[in-house]
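Q: Below are the structure tokens for one structure; questions will follow.
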Amino acid sequence: MNIIVCIKQVPGTTQVKIDPQTNSLVRQGTKNIINPFDSYALEEGVHLKERFGGKVTALSMGPPQAEEILREAIACGADQAFLVSDRLLGGSDTLATSYTLSRAIRKIADFDLVICGRQTADGDTGQVGPELAETMGLPFVAYVNKIEEVGAGQIRLQRMVEDGYEVIETSLPAMISVVKEINVPRLPSLRGLARAKSAAVIVWTAADIEADMSRIGLNGSATKVIKIFFPNRERRGEKLQGCMEEQVETLVQKLRESRVV
Amino acid sequence: MEYFLSETQKEIRGLARKIAEERILPVRAELDEKEEFPWEIMKALAESDMFRVFVPEEYEGLGGGCFDLCLVVEQLSRVCSGVAVSYAASALGSITLIQAGSEEQKKKYLPDVASGKKLAAFALTEPSAGSDATALKTTAQKVAGGYILNGTKQFITNGGEAEIYTVIVLTDKTKGPRGASAFILEKGMPGFSFGKKEKKLGIRASATRELVFRDCFVPEANLLGREGMGFIQTLRTLDWSRPGIGSQAVGVAQGALEAAVDYARQRVQFGHPLIALPAVQNMLADMAIQVEAARALVYAVARTVDSGAKDFTEESAMAKVFAADVSMEVTTKAVQIFGGAGYMRDYPVEKMMRDAKITQIYEGANEMLRGTIAAELRKRRGRRD
């Protein structure tokens, strides 16, 4: 069973600062890590490989430094890794990103299952997975929390929905996104780290994946981020005066005015 | 301090630290409280190839030596010594096999130790033979095709949990220590059973049990080396393993020092954090000096062991004795700095103090090892070299 796992490099902290001048994320001083949700995808891929054989390919789109997390993926059990990296891809939204990843997956060609995390920890949209499946015309099951069975050309999965679980069968090749309940990602191994050091991470440009230039980067993005900002949280306080009845009356009135009640 | 670790050694240390912080730290108090064997963590250590570190490459190991093992033990011990010793005991249980086993024996047992699929253990101590290992009573009587074992081993780390046991017994009672031999035993052999699990002061996550042999048949193929070599093999095994106990002691002390510094920085009394008080500063400085000195000695000795030196009995004893005494002192001081809070189980330092104590006792009580060092001094002076 050949598996492609899509992973993204994200800042390794939940307290990312925003530069008020440029409205962009301050990435200096934060260590980059594999998007935590993607590490469950990777673990599931490696686990499936151990059960059924085959190989695991890690795929990422990002700046050249994203090679680090692909090496980490190899240390954790991936067999090979590809990075799509090109200045032309800068400014990609989820649509352009999913298109770009679809081109890379077409080039890898040999796969039965594509796995991604439910969302990233930085962008938080949760859109790239479903859009990628749509672009590729693959059946997609989101929020998978358990892979029940893998048979010839098909797979049975359990996915989390708001009020319970759904068991779904689909044909292969297919694509899934996974939730953190699916497994406990392993730590790297010493032999994996040694392998990761010598392994070649293959870097592809937009031209290498024969991407339609109008569908990548800023050109291919249907949305544009105009501004990122922290919501302005102001605290106001007011001490009410008078006797109890008056205070209650003023309070109710003020709550009505501010439309809290 | 710069210890000039190789890239591989830095990786080993880094990964061991990661496992300790991510997998052991969240459960260490619970493991201590419940005296529960840390199988989940053993699995994580196995998956990360930590059991391969001390096994030769020919048997699916990574071929690291005593020093690499020490790096792992120190990092695990910094967070939980009970977990660290369960890991280290598997190394101890394999050393005699690595040093004295036949090609066939090594091929049969070492790959499973390296993968972490099976744990190993070393069994020497008996109810009547602690520091005096010459007082062994467990016997192996020669019969057709093998030996019949009878007797009891006591205080065996990983007892009951391990699958592979190196057991030292008497094949010839009349010869005393020269009649001892080492055997490999497997869990489940008829006549081989386990006694009660001991309740301990510290290292409570580790399992300590009696091994009981009642007419237990062991095939001839399981004899390590030759008959009568058991005592010498044991001395060699322990010379090799003692720096590991030193690194365990250093790890606990390091953990206690860090905890004490953190606490002294945030605990305010008389309007200042404790760390502003000269009395506390002096304690912390002494602790730091001792920990670093112990680490430097342990590393130097571990490297001596790996260098292929012929005899390192004295050095190995020094590393263990010094680090163990440092560990006891530093952890005790850490509890003192924490004051009343340190005496409570809500904070980690009382556990560290309990865990440190064993390092002065096992793998040769510190008093015994001081005797060994003194004997070497005398011998050397006698030789005038």
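Q: Residues to consider are B:SER94, B:SER131; find the one that is modelled with pLDDT under 95 and among the polar types (S, T, N, Q).
A: Step by step, each of B:SER94, B:SER131 is checked, and only B:SER131 is modelled with pLDDT under 95 and among the polar types (S, T, N, Q).
Q: Looking at the stretch B:190-207 only, could you name the residues that are among the hydrophobic types (A, V, I, L, M, F, W, C), over 22 Å from B:MET328 (Cα atoms) and open to solvent by 30 Å² or more (accessible area, probe 1.4 Å)?
A: Taking the stretch B:190-207 as the starting set, the residues that turn out to be among the hydrophobic types (A, V, I, L, M, F, W, C) are B:192, B:194, B:201, B:203, B:205, B:207.
Imposing the further condition that a residue be over 22 Å from B:MET328 (Cα atoms) reduces the set to B:192, B:194.
Across the stretch B:190-207, the qualifying residue is only B:PHE194.
Yes/no per residue for (1) under 18 Å from A:ALA196 (Cβ atoms); (2) more than 14 Å from every other protein chain (Cβ to nearest Cβ); (3) open to solvent by 30 Å² or more (accessible area, probe 1.4 Å):
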site: B:GLU7; (1), (2), (3): yes, no, yes
site: B:GLU35; (1), (2), (3): no, yes, yes
site: B:PRO38; (1), (2), (3): no, yes, no
site: B:ALA46; (1), (2), (3): no, no, no
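Q: How many residues, within the stretch A:149-192, are within 14 Å of chain B (Cβ to nearest Cβ), hydrophobic (A, V, I, L, M, F, W, C) and open to solvent by less than 40 Å² (accessible area, probe 1.4 Å)?
A: Here is the first cut: in the stretch A:149-192, the ones within 14 Å of chain B (Cβ to nearest Cβ) are A:183-192.
Those still in the list that are hydrophobic (A, V, I, L, M, F, W, C) too: A:184, A:187, A:190.
Within this subset, residues satisfying the condition of being open to solvent by less than 40 Å² (accessible area, probe 1.4 Å) are A:187, A:190.
Residues in the stretch A:149-192 being within 14 Å of chain B (Cβ to nearest Cβ), hydrophobic (A, V, I, L, M, F, W, C) and open to solvent by less than 40 Å² (accessible area, probe 1.4 Å): 2 in total.
Q: Sticking with this structure for a sec: Modelled with pLDDT of 95 or more and crowded, with 23+ Cβ neighbours inside 10 Å, is that true of B:ALA221?
A: Criteria not met by B:ALA221.
Q: Is it true that B:ILE373 is more than 23 Å from B:ALA205 (Cβ to Cβ), among the hydrophobic types (A, V, I, L, M, F, W, C) and either outside any helix (DSSP H, G or I) or in contact (Cβ under 8 Å) with a residue 12 or more places away in the chain (or both)?
A: Details: more than 23 Å from B:ALA205 (Cβ to Cβ): yes; among the hydrophobic types (A, V, I, L, M, F, W, C): yes; either outside any helix (DSSP H, G or I) or in contact (Cβ under 8 Å) with a residue 12 or more places away in the chain (or both): yes.
Against the criterion (more than 23 Å from B:ALA205 (Cβ to Cβ), among the hydrophobic types (A, V, I, L, M, F, W, C) and either outside any helix (DSSP H, G or I) or in contact (Cβ under 8 Å) with a residue 12 or more places away in the chain (or both)), B:ILE373 qualifies.
Q: Taking the stretch B:126-136, which residues are closer than 16 Å to B:THR234 by Cα and open to solvent by 40 Å² or more (accessible area, probe 1.4 Å)?
A: B:GLY130, B:SER131, B:ASP132, B:THR134, listed by residue number.
Q: Would you pick out the residues in the stretch B:55-68 that are closer than 26 Å to B:GLN254 by Cβ and open to solvent by 10 Å² or more (accessible area, probe 1.4 Å)?
A: B:LEU62, B:GLY64, B:GLY65, B:ASP68
Q: If I ask for residues that are assigned to a loop (DSSP other than H, G, I, E, B) and open to solvent by 40 Å² or more (accessible area, probe 1.4 Å), which ones from the stretch B:226-241 would you list?
A: The answer is B:ARG226, B:GLU227, B:MET229.
Q: Can you run down the residue pairs with Cβ atoms below 8 Å, 6 or more apart or on separate chains, where the first is in the stretch A:121-144 and farther than 21 Å from A:PRO173 by Cβ and the partner is of a type in the set (Phe, Trp, Tyr)?
A: Pairs that qualify, where the first residue is farther than 21 Å from A:PRO173 by Cβ and the partner is of a type in the set (Phe, Trp, Tyr), are A:ALA121/A:PHE37.
Q: Another question, then. Could you grab me the full set of residues in the stretch B:144-176 that are in contact (Cβ under 8 Å) with a residue 12 or more places away in the chain and open to solvent by 50 Å² or more (accessible area, probe 1.4 Å)? Walk me through it before giving the result.
A: Start the filter on the stretch B:144-176 by keeping residues that are in contact (Cβ under 8 Å) with a residue 12 or more places away in the chain, which leaves B:145-173, B:175-176.
Answer for the stretch B:144-176, where residues must be in contact (Cβ under 8 Å) with a residue 12 or more places away in the chain and open to solvent by 50 Å² or more (accessible area, probe 1.4 Å): B:ASN150, B:PHE155, B:GLU163, B:LYS173, B:LYS175.
Okay, residues lined up against (1) touching a Gly at 6+ places or on another chain (Cβ under 8 Å); (2) basic (Lys, Arg); (3) modelled with pLDDT under 95:
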| site | (1), (2), (3) |
| --- | --- |
| A:THR57 | no, no, no |
| A:GLY62 | no, no, yes |
| A:ALA66 | no, no, yes |
| A:ILE69 | no, no, yes |
| A:GLY77 | yes, no, yes |
| A:LEU83 | yes, no, no |
| A:LEU88 | yes, no, yes |
| A:SER92 | yes, no, yes |
| A:THR97 | no, no, yes |
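Q: Find all pairs meeting these conditions: Cβ atoms under 8 angstrom apart; at least six residues apart or on different chains; first residue within the stretch B:26-38 and on the phi < 0 side of the Ramachandran plot; second residue surrounded by fewer than 15 Cβ atoms within 10 Å (Cβ to Cβ) and modelled with pLDDT of 95 or more.
A: Close Cβ pairs satisfying both conditions: B:VAL27/B:GLU40; B:ALA29/B:ARG345; B:GLU33/B:ARG345; B:GLU36/B:GLU30.
For every residue, the table says whether it meets (1) among the charged types (D, E, K, R); (2) in contact (Cβ under 8 Å) with a residue 24 or more places away in the chain; (3) farther than 25 Å from B:PHE183 by Cα.
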| position | (1), (2), (3) |
| --- | --- |
| B:LEU223 | no, yes, no |
| B:LEU235 | no, yes, no |
| B:ILE245 | no, yes, no |
| B:GLN248 | no, yes, yes |
| B:ASP262 | yes, no, yes |
| B:ASP325 | yes, yes, yes |
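Q: Among the residues of the stretch A:211-234, write down those that are open to solvent by 80 Å² or more (accessible area, probe 1.4 Å) and of a type outside the set (A, V, I, L, M).
A: If the condition is that a residue be open to solvent by 80 Å² or more (accessible area, probe 1.4 Å) and of a type outside the set (A, V, I, L, M), then A:ARG215, A:ASN219, A:THR223, A:LYS224, A:LYS227, A:PHE229, A:PHE230, A:ASN232, A:ARG233, A:GLU234 are the ones that fit.
Q: Scan (1) more than 18 Å from A:VAL178 (Cβ to Cβ); (2) in contact (Cβ under 8 Å) with a residue 60 or more places away in the chain; (3) surrounded by fewer than 15 Cβ atoms within 10 Å (Cβ to Cβ) for the single condition A:PRO11 breaks and write down its number.
A: (3)
Q: Taking the options B:GLY14, B:GLY63, name whichever one is without any contact (Cβ under 8 Å) to a residue 24 or more places away in the chain, of a type in the set (Gly, Ala, Ser) and part of a helix (DSSP H, G or I).
A: B:GLY14
Q: Right, here's the next one. Under the condition of being surrounded by 15 or more Cβ atoms within 10 Å (Cβ to Cβ) and charged (D, E, K, R), which residue from the stretch A:193-210 is farthest from the other protein chains (Cβ to nearest Cβ)?
A: Of everything passing the filter in the stretch A:193-210, A:ASP208 is farthest from the other protein chains (Cβ to nearest Cβ).
Q: Can you say whether B:VAL55 is modelled with pLDDT of 95 or more, under 17 Å from the mean Cα position of the chain (by Cα) and away from chain A (no Cβ under 14 Å), as far as the supplied structure shows?
A: no
Q: Here is a follow-up. Can you name every residue in the stretch A:61-76 that is in contact with a helix residue (DSSP H, G or I) (Cβ under 7 Å, 6 or more places away or on another chain) and open to solvent by less than 10 Å² (accessible area, probe 1.4 Å)?
A: Those that are in contact with a helix residue (DSSP H, G or I) (Cβ under 7 Å, 6 or more places away or on another chain) and open to solvent by less than 10 Å² (accessible area, probe 1.4 Å): A:ALA73, A:ILE74, A:ALA75.
Q: Yes or no: the stretch B:67-75 includes at least one residue that is aliphatic (A, V, I, L, M), over 20 Å from the mean Cα position of the chain (by Cα) and more than 14 Å from chain A (Cβ to nearest Cβ).
A: Taking every residue of the stretch B:67-75 in turn, none turns out to be aliphatic (A, V, I, L, M), over 20 Å from the mean Cα position of the chain (by Cα) and more than 14 Å from chain A (Cβ to nearest Cβ).
Q: Another question, if that's okay. Do you know which residues across the stretch B:9-33 are open to solvent by less than 20 Å² (accessible area, probe 1.4 Å) and under 15 Å from B:VAL73 (Cα atoms)? Steps first, please.
A: As a first pass, look at the stretch B:9-33 and keep what is open to solvent by less than 20 Å² (accessible area, probe 1.4 Å): B:12, B:15-16, B:19-20, B:24, B:31-32.
Hits for the stretch B:9-33 are B:ILE12, B:LEU15, B:ALA16, B:ILE19, B:ALA20, B:ILE24.
The values are calculated or read from the model by the stated rules, or taken from the named source; none is laboratory data. All values reported here derive from a predicted model rather than from experimental measurement. Every residue, glycine as well, gets a Cβ built from its backbone with ideal geometry; the counts of neighbours run over all protein chains shown. Protein only, heavy atoms only, side chains kept; ligands, DNA and RNA dropped before computing areas. Shrake-Rupley method; radii C 1.70, N 1.55, O 1.52, S 1.80 Å.
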